[in-house]
Amino acid sequence: MSRGDKVHKIYSVAEMLLLHLIKQRAEQRTTRSWDLSIRYAARHIAHVNKRYKSRGTYLSEFEVCGVLTEAYQPALERAALEAFEGRYDDVELGQKVDRATIEQQALELIIGHQEG
């Protein structure tokens, strides 16, 4: 898999990770399904990002932050369809959560799985 393919895969899974973190924060609750999706996504991103031969990563922590920033808006738009039974659009839902906190939480989950 090329580096570009890995970045695309990380972006796709990061969107899913952010989607569930946004729903958790907005609704102030969680489900077993959301928890499982969050753990899976963080583990999967860490796995895809790992360079086994050199024992490094394809993306630096800074680059992972960039991917999370790019994936946030699409994740928010999807979360708006699912959270609160779709009552809020992405702008309204975005006002219910702190973007920086969610992105930081996602990064910490990913890093935790890279180190583990």
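Quick note: the coordinates plus some simple rules give every number you see, no bench work behind them. Remember, it's a predicted structure, so these values are computed and weren't measured experimentally. For neighbour counting, all protein chains shown are included, and Cβ atoms are generated from backbone atoms with ideal geometry for every residue, glycine included.
Quick rundown of the values:
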read-out	value
When the stretch 3-115 is reduced to its Cα atoms, the Kirkwood hydrodynamic radius in Å	14.1
Fully extended contour minus Cα-Cα distance, from HIS8 to SER54, at 0.36 nm per residue	14.5 nm
The stretch 11-92: chymotrypsin sites (Phe, Trp or Tyr not before Pro) in DSSP loop, at most 12 other beta carbons within 10 Å	TYR52
Relative contact order, percent, the chain [alpha-carbon distance under 8 Å, six or more residues apart]	37
Lys, Arg +1 and Asp, Glu -1 on Cβ, resulting dipole of the stretch 3-115 about Cα centre, debye, nearest 20	660
With at most 13 other Cβ atoms within 10 Å, longest stretch of the chain clear of loop trypsin sites (Lys or Arg not before Pro) (DSSP)	56-86
